[in-house]
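What follows is a short report on a single structure.
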Amino acid sequence: MNKIYLFKYGLAMLFFFCALSSFAQNVFTGRVLDETNQPLPGATVRVKETGQSTVTDNNGAFTIRNIAQASVTISVSFVGYDVTEKAITQGQSATVQLKPNSRSLTDVVVVGYGTARKSDLTGSVSNVGSKDLNPGPITNPLQQLEGKAAGVDITQSGSEPGTAPTVRIRGITSLQGGNDPLVVVDGVQGNMDLFNQVPPSEIASVDILKDASATAIYGSRGAPGVIIVTTKKSAAGTTTVEYTENSSIDVIAKKLQLLSADQWTQQANAQGVDVSANHGSNTDWYNLLTRNGYTQNYSLAFGGGANGFNYRASLTAISQTGTVINSKFSNYIGRITASQKALDNRLTLTMNLNSGVNDYTYSPTGVGNAAFTSNLISQAYVSRPTDPVFNTNGSYYVDPNVFQYVNPYAVAQTVSNDNHINNLFGSLRADLEIYKGLSAGWFGSWRKRDSNNGYYAPAASTLTSAVSYNGQAHINNDHVDERLMDINLTYKRDFGLNHFDATVVYEWQRQTYNGSYSAARGFINDIATYNALQLGTLANAQTGDVSSYKNDRSLVSFLGRINYSYHNRYLLTASFRRDGATVFGANNKWANFPSASLAWRIDQEDFMKSQHIFSSLKLRVGYGVTGNQQGIGPQNSIALVGLNPTSPTVYFGGSLIPNYSASQNANPNLKWETKKQTNAGIDFGFMDDRLTGTVDVFTANTDNLLYNYTVPVQGPFLVGNILANVGSLQNRGLELTLSYDVIRGKNTRLTLAGNGTLLKNKVLSLGGNIQGYDVPTDYVSLGSNAYLLVGKPVGTYRILQHQGKDANNAETYVDQNGDGTVDPSDRSPDRVEAGQSLPKYNYAFTPSFTYKNFDVSMVWRGSGGNKIYNGLRQQFSILQYLGKSNVLQSAIPLGIESTQYSSDLWLENGAYLRWQNLSLGYRFNLRNVKFVNALRLSLTGQNLALITKYKGLDPELVGSNLSGGDYGIYPRNRTFSVGLNVIFK
Amino acid sequence: MLSLAAVSCTKVDENVYDKYQSDEFYATPAGADNALATVYGKIAGTWGSNYAGRDNCWYDLNTFVADDQVIPHRNTGDWQLDFAQLYTHTYQPSLGLISNTWNWLYSSIYSANLAVAQLTSANADPSKIAEAKVLRAWFYYLLMDDFGDVPFYTDNNTDVSKIAQTKRATIYNFIVSELKANVDLLSETRGGAYYGRFNKWAGYMFLAKVYLNAGVYIGTPAWAEALAACDKVASGGFTLHAGSANAASPLGYSYFELFGDVCPDDETIMALYLKENVVSGNIYGIRSLNSANGMALIGYNGWNGTIIMNQFYSKFNTNDIRRNQFLVGQQAKGNTTYNPTVSSLISPGAAPNDGIRDVKFFPAAPVDASGASNDFPIYRYADLLLMQAECNVRLGNASAALPFINKVRERAGLTDLTSVTLDNIYDERGFELVFEGHRRQDMIRFGHFEDARELVTSAIPTTHRLFPIPISALNANPNLKQNPGY
């Protein structure tokens, strides 16, 4: 409203002075710079004495004429910066440097292919600034966002070192098409693994584009949402040296209670287990395989700059030792970013170079015989407590009478499973101002990722395959090469009360994947492990020991966006993108993705000026079409012949020859999933923004749902499944974010903040016509008794009801339709619906308190409305297998000898509330100390409490797992950490 | 330059570097030829999808439901209940073995249809087309033998998910006419390039099997036709492999070479080539041995699985060389004593060393913990001789049957019979062909399928002569009707 006032009266004043004071026409000039000493165009300069005002040009320069006084005080303001006043004198060019205000990061939002002021947003975007990121022992930037944004569900299943959390933005919108959001780091686009390349302490802000009007600009990659990470730039003028470290001790939060050796012996005797199965030892396998873990995170960042130039460099080292022995992770990231102005500040060149190394030592997976293969730690439940760890001769104990017996401690001690990943990406951006308001840009990025995975299991590991062949080794080498280039034009113009800006972009990207796999068996000793496959025994070679691949995918896009606003009250954003992709079928190479959204800043209206209830109020509504092509791999649309995967060699005509067979059906109609989303939202603030909040409601329909449909092998179908776009899925949701400053004093501030999301999801249709054949898909089992059912939420449980036990202690089931038999088939009337695998709601409560230099913050978060099929509890509750394995203590009172089918006895409530984070910090003010500017110490506890009825290790295991089954996870950590942050002078 | 870049960068055609595209692949003669090899690849298959060798498919389904072998649940917790439930006939239609067998057969039929179509359109050698057609008929024979009325199609463009079951008799007629039209086109070569393939003799053996069971399939026996087909096979010049003691042979007798690494050409009519981890593998030896005995005999822990019930074993004559395939009592190696009596099959299960073991397929190299390389005799001359004997008895010509059965007995070290009854033939088939996958069919044909069995308390219903249609197939095709009794 100031601006309008100024516009009307300022202009009148100007004329007044022009007319009356022609004898005293002083001219004032100057430049406005930002914190990095870059010119700041568009800043408002107002003369306090006269009320005159002007706006800085592209060089940050301003000129004010027709002023009678020889010196005046100007007030310079710009969104995101503190208002600065300065006395200036006629004839002497003044320089005004603005400092970003405390809320600057939340005021400027990075949207796709550009930025916007938060107040101008018309879509649904969550913004998290660096100061709001979760503190503590962070190994992946996603952990910093847990609980921070409504509709953004970040889950972590177990705490295996180096494993990334899963993110779901506004729920599951695809069954097979992938639900991982697109990740954009300083313009470089990539998958979730790009997060491994982002030093957690170098993040300036994270913007999460949630609704289709915001993500449609990313077209066929936008449907699952977009996470945009902006890294820190140096504050120029001064040099910056900043050191951050955090060290934690990680303990296992919960263990399952299995039978002790005495209990096992007692039970085995009671049950008539052959005495030969009792080996008389007393071993706590779980304890033997676990330990306390440590996580360390060090980061050194420095930078600075002069006029037209600034840079920032950082080195980060993250190291984590897991709570399961022989599992660890380390990550080293070096990055440098530099920016230079040229051509009289019309050209800006920005370069970014990022290089990193990830080293993983994974705890082996797929351990055990076919009856129960799992991650290594879950094998500790299998092992009888009466089995010794070692034989008397010091070798690892095995019981030859148990089929494919595994000694988990031997596996942990002897198997190598290492993964080394080298990451390199760089980008160059050139922005050129061609003419007033018109600028052109070029952006190119290149990312290379080389991954090398080595595995060696010696005969001592007790793993059957390794014992059979006296050691086995394999190496995977995988190379990913991602290139992206875009050319863009932007135009900005104000006329009268109208503001207009437009962007058009041409973008080209290609990802190339190639790699190889080789394996060898039969090693005379274990010295070289996987490093010299040629030392294995050639005679032991098997089909499939050698393989390689190469494929690529390209995406070509034309896109544009128009922002229009009138009177700063009515805002319109419209965007359009056309994508062509190599992975689409021949009949559907190009796709269009339009969107439009409107916002009304009610608080700017004249009639709002007199009220004092609302300090801000904005209505938003938007609609957009986005796509998802993650689920389509290269060459998925064409008919292929390959080696038969299960029997690659056939004996024919007297010799062994390769066995080729159709490996994929043709689908020339294969295309992106189409997600049409409508969003309506309201942003509000009461009492001078002491209470602020956002409410969004949305409906999203995913059509052309990608699914690997089961088809009869007949007609055009050469194999029994085809990736096709047939079904549709609906998601509806409500998001609420609230923040209330209970105390907002000079020294004391207490903020209660939180967010919540309600999600409702429904399969609208599944089956349909594929290439002339009806595929009446329904009752699709996702495993663990969770189904895809038309008209029901994804992962609806249909399960037999537990009844009791028969005379032989075999589990019995309720015969729902009373026909005398229990039918376990998918469509059986004996199955009953019993909830869903996906949470219906999740929420977070994030209060924070500061008093002078002391601060406390907490994160509590939870979800619910879902069930979990506790497959692990079922597996270890069946007494029939007691003779060769251990069982849970809870299995004894249950007394079930055998189960024929899975039942709701093992289906449990998955709701939980977790005390995710508690952080205490103290900032030492050291302005008078030489060299050190500031020093902050912090203490953080993570996963301090978990409130849940779930009987397994941890209910947080959904995410990528649609079926909601728990078959054993790596233990979840509870961590306690100390952090230090020093800023040097 | 900008527009040039834009033009070259709007191409979005797929690049294929590392795969064969179907149309290119099958357009070559080598590709069409490969279609036939692929059908044979189906017979070997692998876990859950094979005729014999690995587990959980046709062989396991058809043998465990009979009386010549069983895998008991052990009171140490080993072995799931599936196999014992088949033996005791307490299995459910949802049993994975049943759907595995059904799915294996239909996917085999599909590849046979495909091979017929591709070889025909490539104008391939008529013997190859005939071979593909005989293979297809064979899969239908196995299918209707197990399941009765089943969906039938020979053109892959048929919408199988909607077709109803075809009567067993109609499929029988198809098989017979398909064989009559094609068997004589097959190669007469034995062994070599035709080892493991349907040559003319294997084709007639298959026809003889179909006729032999005609009474079961269509209610009207065809003993004369069966005998005529047997005679055709015999004209191929097969002889019994020697039965003499031979220290170099497995288990000390040349006889067991029949079940060794390669099935000998003299007696083998149709073999299944197996080589551990290259072409599937043969688990029947290692699955039976217990761990210590297995380690001592072959260097790998046995699985302590399959046993033969004492009821079956005790019928063997002590002079019978074939009895050497069984391990019972104190063993020379591995500090093991196999106890011939079994206390329980399901709950609480058998004690670890209960049960007589069978190493007819004594593991042949290459061998590892998951199997061995013994080939599997699908059809052999001894089987044919017993079929000839049976047909003669059935046709009321018992004296003509004698030489046939006596040849088999002589090789086994037994004295000649002086008269022969159907019971003699049924028993002799049991002695000669135990563990070879024929027992279920024989028990049904001779009317012994429902006989009392050791440790089985409830009567076996006659409806169990057919397996249930798998639940997954009923789900997929609403026109299918479940077999009675399930």
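The values are calculated or read from the model by the stated rules, or taken from the named source; none is laboratory data. All values derive from a computational prediction rather than experimental measurement. As a convention, Cβ positions derive from the backbone with ideal geometry for all residues, glycine included, and neighbour counts pool all protein chains shown.
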Kindly indicate whether B:Ser127 is more than 9 Å from every other protein chain (Cβ to nearest Cβ), out of contact with any helix residue (DSSP H, G or I) (no Cβ under 6 Å at 6 or more places or on another chain) and either over 25 Å from A:Phe403 (Cα atoms) or modelled with pLDDT under 95 (or both). no
Elements of type strands (runs of 3 or more DSSP E) contained in the stretch A:864-962, each with 3 or more residues being touching a residue at least 40 places away in the same chain (Cβ under 8 Å) and surrounded by fewer than 21 Cβ atoms within 10 Å (Cβ to Cβ): A:912-925, A:932-948
Taking the criterion of being on the phi > 0 side of the Ramachandran plot, at the interface with chain B (Cβ under 7 Å from one of its Cβ atoms) and of a type outside the set (Lys, Arg), would at least one residue in the stretch A:646-667 satisfy it? yes
Every listed condition ((1) buried (at least 17 other Cβ atoms within 10 Å of the Cβ); (2) away from chain B (no Cβ under 12 Å); (3) touching a residue at least 60 places away in the same chain (Cβ under 8 Å); (4) on the phi < 0 side of the Ramachandran plot) holds for A:Gly835 save (4)
Scan (1) buried (at least 17 other Cβ atoms within 10 Å of the Cβ); (2) of a type outside the set (Val, Ile, Thr); (3) farther than 29 Å from B:Gly305 by Cα for the single condition B:Tyr379 breaks and write down its number. (3)
If you go through the stretch A:444-475, how many residues are surrounded by 17 or more Cβ atoms within 10 Å (Cβ to Cβ) and more than 14 Å from chain B (Cβ to nearest Cβ)? 13
So, A:Asn785, is that one in contact (Cβ under 8 Å) with a residue 12 or more places away in the chain and in contact with a helix residue (DSSP H, G or I) (Cβ under 9 Å, 6 or more places away or on another chain) or not? yes
Test each condition in (1) within 14 Å of another protein chain (Cβ to nearest Cβ); (2) in a loop (DSSP other than H, G, I, E, B); (3) in contact (Cβ under 8 Å) with a residue 24 or more places away in the chain for A:Leu432 and report the one that comes out false. (2)
If a residue counts only when it is surrounded by fewer than 17 Cβ atoms within 10 Å (Cβ to Cβ) and either at pLDDT 95 or above or among the charged types (D, E, K, R) (or both), which helices (runs of 4 or more DSSP H) contained entirely in the stretch B:402-486 have at least 2 such residues? B:422-433
Only one of (1) exposed (fewer than 15 other Cβ atoms within 10 Å of the Cβ); (2) in contact with a Pro (Cβ under 7 Å, 6 or more places away or on another chain) fails for A:Asp274. Which number is that? (1)
Look through A:Ser610, A:Ser597 and report the one residue that is small (Gly, Ala, Ser), surrounded by 23 or more Cβ atoms within 10 Å (Cβ to Cβ) and away from chain B (no Cβ under 14 Å). A:Ser597
Residue selected from the stretch A:531-554 under the condition assigned to a helix (DSSP H, G or I) and surrounded by fewer than 18 Cβ atoms within 10 Å (Cβ to Cβ), by the criterion nearest to the other protein chains (Cβ to nearest Cβ): A:Ala539
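Can you confirm whether the stretch A:568-583 contains a residue that is over 23 Å from A:Ser213 (Cβ atoms) and either facing another protein chain (nearest Cβ under 9 Å) or surrounded by 21 or more Cβ atoms within 10 Å (Cβ to Cβ) (or both)? Lay out the reasoning, then the answer.
At the first step, the residues of the stretch A:568-583 found to be over 23 Å from A:Ser213 (Cβ atoms) are A:582-583.
After this cut, where a residue has to be either facing another protein chain (nearest Cβ under 9 Å) or surrounded by 21 or more Cβ atoms within 10 Å (Cβ to Cβ) (or both) as well, the list is A:582-583.
Yes, because at least one residue in the stretch A:568-583 is over 23 Å from A:Ser213 (Cβ atoms) and either facing another protein chain (nearest Cβ under 9 Å) or surrounded by 21 or more Cβ atoms within 10 Å (Cβ to Cβ) (or both).
Which of the residues belonging to the stretch B:144-164 are under 21 Å from A:Val711 (Cα atoms), outside any loop (DSSP other than H, G, I, E, B) and either among the β-branched types (Val, Ile, Thr) or at pLDDT 95 or above (or both)?
Narrowing the stretch B:144-164 to residues under 21 Å from A:Val711 (Cα atoms): B:150-164.
From what's left, outside any loop (DSSP other than H, G, I, E, B): B:150-151, B:160-162.
Residues satisfying the conditions are B:Val150, B:Val160.
Pick from A:Gly190, A:Gly162, A:Gly158: which is surrounded by fewer than 24 Cβ atoms within 10 Å (Cβ to Cβ), among the small types (Gly, Ala, Ser) and closer than 23 Å to A:Asp579 by Cα? Quick ask: steps written out before the conclusion?
On the way: A:Gly162 fails: closer than 23 Å to A:Asp579 by Cα; A:Gly158 fails: closer than 23 Å to A:Asp579 by Cα.
It is A:Gly190.
So, A:Asn592, is that one within 14 Å of chain B (Cβ to nearest Cβ) and surrounded by fewer than 20 Cβ atoms within 10 Å (Cβ to Cβ) or not?
Against the criterion (within 14 Å of chain B (Cβ to nearest Cβ) and surrounded by fewer than 20 Cβ atoms within 10 Å (Cβ to Cβ)), A:Asn592 does not qualify.
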Of the residues in the stretch A:763-790, those that are of a type in the set (Val, Ile, Thr), closer than 22 Å to A:Asn731 by Cβ and modelled with pLDDT under 90 number 2
Verdict on B:Leu179 being touching a Ser or Thr at 6+ places or on another chain (Cβ under 8 Å), away from chain A (no Cβ under 14 Å) and touching a residue at least 24 places away in the same chain (Cβ under 8 Å): no
Look through A:Gly772, A:Gly768 and report the one residue that is in contact (Cβ under 8 Å) with a residue 12 or more places away in the chain and either surrounded by fewer than 16 Cβ atoms within 10 Å (Cβ to Cβ) or among the polar types (S, T, N, Q) (or both). A:Gly772
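Listed here are the residues, each with its yes/no results for (1) in a strand (DSSP E or B); (2) closer than 20 Å to A:Asn761 by Cα; (3) modelled with pLDDT under 90; (4) in contact with a helix residue (DSSP H, G or I) (Cβ under 6 Å, 6 or more places away or on another chain).
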| residue | (1), (2), (3), (4) |
| --- | --- |
| A:Ser647 | no, no, yes, yes |
| A:Ala666 | no, no, no, no |
| A:Asn669 | no, no, no, no |
| A:Gly685 | yes, no, no, no |
| A:Gly693 | yes, no, no, no |
| A:Val697 | yes, yes, no, no |
| A:Asn704 | yes, yes, no, no |
| A:Gly715 | no, no, yes, no |
| A:Val719 | no, no, yes, no |
Need a quick list: strands (runs of 3 or more DSSP E) entirely within the stretch A:105-146 having at least 3 residues that are touching a residue at least 40 places away in the same chain (Cβ under 8 Å). A:108-111, A:125-129
Out of A:Asp778, A:Asp774, A:Asp741, I need the residue that is more than 28 Å from the chain's Cα centre (by Cα), of a type in the set (Asp, Glu), farther than 23 Å from A:Gln630 by Cβ and not in a strand (DSSP E or B). Which one? A:Asp778
Please state which of the following conditions A:Ser637 fails to meet, knowing it meets all the rest: (1) more than 8 Å from chain B (Cβ to nearest Cβ); (2) outside any strand (DSSP E or B); (3) surrounded by 17 or more Cβ atoms within 10 Å (Cβ to Cβ); (4) small (Gly, Ala, Ser). (1)
Test each condition in (1) at negative phi; (2) in contact with a strand residue (DSSP E or B) (Cβ under 7 Å, 6 or more places away or on another chain); (3) within 14 Å of chain A (Cβ to nearest Cβ); (4) in contact (Cβ under 8 Å) with a residue 24 or more places away in the chain for B:Asn339 and report the one that comes out false. (4)
Among the residues that make up the stretch B:342-350, is at least one of them more than 22 Å from B:Cys263 (Cβ to Cβ), within 14 Å of chain A (Cβ to nearest Cβ) and without any contact (Cβ under 8 Å) to a residue 60 or more places away in the chain? yes
